[in-house]
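Single-structure report; data block below.
The values are calculated or read from the model by the stated rules, or taken from the named source; none is laboratory data. These numbers come from a predicted model, not from an experiment. Cβ placement follows ideal geometry from the backbone for every residue including glycine, while neighbour counts extend to all protein chains displayed. Areas reflect the complete protein model, heavy atoms only, side chains present, ligands, DNA and RNA absent. Shrake-Rupley method; radii C 1.70, N 1.55, O 1.52, S 1.80 Å.
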Amino acid sequence: PKSGEPTGTLRESAASLVERQVPELGSEDYIRGLRAGLELANRFGIASIIEARADTPILDAYAALDRSGELSVRVLASLQVETDKGVSEAGRLVGLRRRYGGTRLRSTAAKIFVDGVMEPHTAALLEPYVDRPGDRGMPLLEPSAFDALAVALDRAGFQIHVHAIGDWAIRMSLDAFAAAGRANGFRDMRHHIAHLELIDPADIPRFKRLGVAANFQALWAYADRYITDLTLPLLGPARSRWLYPIGSIARTGAKIAGGSDWSVSSMNPLEAIQVALTRRGPPDPPGEAWIPEEKTDLATMLRAYTANGAWLSHEERTRGSLEPGKAADIIVLDRDLFGIPASEISRAKVL
């Protein structure tokens, strides 16, 4: 290291040196990657997905496999929003929506990133980080710009899909959805917020009131080392009580959807369902739950991965439950989840 050069700068320089040597991915690379992802999803019993952030190369791969009949899941693609371009993005996304649709592919959602993540202090918080007085993190767009963008996307008929980790980012998202409703009328748009790591208790009832779905990655809702070593010290005990409040949201009657954030973490829904019930790691034996008030029940989580997922995709009339006339998106498990301890759910296999 050069004397006085920040280590962060060194890491960035090293990363850029490596990245310059990595060849650009071509269309066939994306198609091969998608085929591998589909095989994994089907092995876990997944028949429908929401693609969390779709740019043109990803959309091209989905469209190619849809045309060839190889797209073995139903796909709702969330089109990546370039927030720095403001409300003009709505027009660009309308063009993509027209272009990328097919038998099993729809591109009717828009993805907005509002903040970063907790560990490097980039999640946007209502109160400062404990170890950095005065630092609340910084949202990736101003609240007024977010409101205007949400109004434009909602008016253009897009379902808005938001990445929000911190309680300030989540409040901004709910405020933006409220602004869109006031401007355009509170229609059945089914906007949703993904991740939801820290929610201020005052905002918990707003999901139900606004018709906003809570898209939790329940696999993260236990005290692993990310939580104990990196998150709890940044928030302190009072705020940490409201980390991943799945139970509280469920008790309001709001819609909960089950997500994975794959490939960041496991795609297996059974692991996430188990953690939601136990608030313990998937391999852990029965024991003390982390924030037991936020545990939920099996029926709630099965709905999150079936009927509520279909609802979130505006397809509840054609799939999501076992009824005559609906799509036969059916899997068979090797055991009855209601007949085993919650701590064994992740051991179930899709036959």
Worksheet item: Which members of region 241-257 meet the condition of being part of a helix (DSSP H, G or I) and in contact (Cβ under 8 Å) with a residue 24 or more places away in the chain?
Response: I246, G247, S248, I249, A250
Worksheet item: Quick check: is even one residue across region 210-230 over 23 Å from T278 (Cβ atoms), assigned to a helix (DSSP H, G or I) and without any contact (Cβ under 8 Å) to a residue 24 or more places away in the chain?
Response: no
Fill in: Answer residue from region 223-240, given it is farther than 17 Å from R280 by Cβ and of a type outside the set (A, V, I, L, M, F, W, C) and is least open to solvent (accessible area, probe 1.4 Å) among those
G236
Item to complete: Scan region 61-72 residue by residue and report those that are without any contact (Cβ under 8 Å) to a residue 40 or more places away in the chain and either in a helix (DSSP H, G or I) or crowded, with 19+ Cβ neighbours inside 10 Å (or both).
Response: A61, A64, L65, D66, R67, S68, L71
Practice prompt. Could you please find all residues in region 130-185 being surrounded by fewer than 24 Cβ atoms within 10 Å (Cβ to Cβ), within 20 Å of the chain's Cα centre (by Cα) and among the acidic types (D, E)?
Written response: D175
Item to complete: Kindly indicate the residue of region 257-307 that is β-branched (V, I, T) and within 16 Å of Q217 (Cβ to Cβ) and also most open to solvent (accessible area, probe 1.4 Å) among those meeting that condition.
Response: V264
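Residue-by-condition table, conditions (1) touching a residue at least 40 places away in the same chain (Cβ under 8 Å); (2) touching a helix residue (DSSP H, G or I) at 6+ places or on another chain (Cβ under 9 Å); (3) under 17 Å from L312 (Cβ atoms); (4) outside any loop (DSSP other than H, G, I, E, B):
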{"site": "E119", "(1), (2), (3), (4)": "yes, yes, no, no"}
{"site": "A124", "(1), (2), (3), (4)": "yes, yes, no, no"}
{"site": "G134", "(1), (2), (3), (4)": "no, no, no, no"}
{"site": "G137", "(1), (2), (3), (4)": "no, yes, no, no"}
{"site": "I160", "(1), (2), (3), (4)": "yes, yes, yes, yes"}
{"site": "H163", "(1), (2), (3), (4)": "yes, yes, yes, yes"}
Worksheet item: Restricting region 313-350 to residues that are in a helix (DSSP H, G or I) and not charged (D, E, K, R), which is most open to solvent (accessible area, probe 1.4 Å)?
Response: F338
Practice prompt. Taking the residues in region 74-121 that are among the charged types (D, E, K, R) and open to solvent by less than 40 Å² (accessible area, probe 1.4 Å) as candidates, determine which candidate is modelled with the lowest pLDDT.
Written response: E89
Response to the item:
A310 meets each of (1) among the aliphatic types (A, V, I, L, M); (2) under 28 Å from T231 (Cβ atoms); (3) buried (at least 20 other Cβ atoms within 10 Å of the Cβ) with one exception, condition (2)
Fill in: Verdict on E12 being at pLDDT 95 or above, surrounded by fewer than 14 Cβ atoms within 10 Å (Cβ to Cβ) and part of a helix (DSSP H, G or I)
no
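Which residues, taken from region 186-196, are open to solvent by 10 Å² or more (accessible area, probe 1.4 Å) and either touching a strand residue (DSSP E or B) at 6+ places or on another chain (Cβ under 8 Å) or under 25 Å from P237 (Cβ atoms) (or both)?
Passing the criteria: M189, R190, H191, H195.
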Item to complete: Name every residue in region 293-312 that is assigned to a helix (DSSP H, G or I) and either small (G, A, S) or free of Cβ contacts under 8 Å to residues at least 40 places away in the same chain (or both), in order of residue number.
Response: A299, L302, A304, A307, G309, A310
Discussion item. Looking only at residues that are open to solvent by 100 Å² or more (accessible area, probe 1.4 Å) and part of a loop (DSSP other than H, G, I, E, B) in region 23-42, which one is nearest to P57 (Cα to Cα)?
Written reply: L25
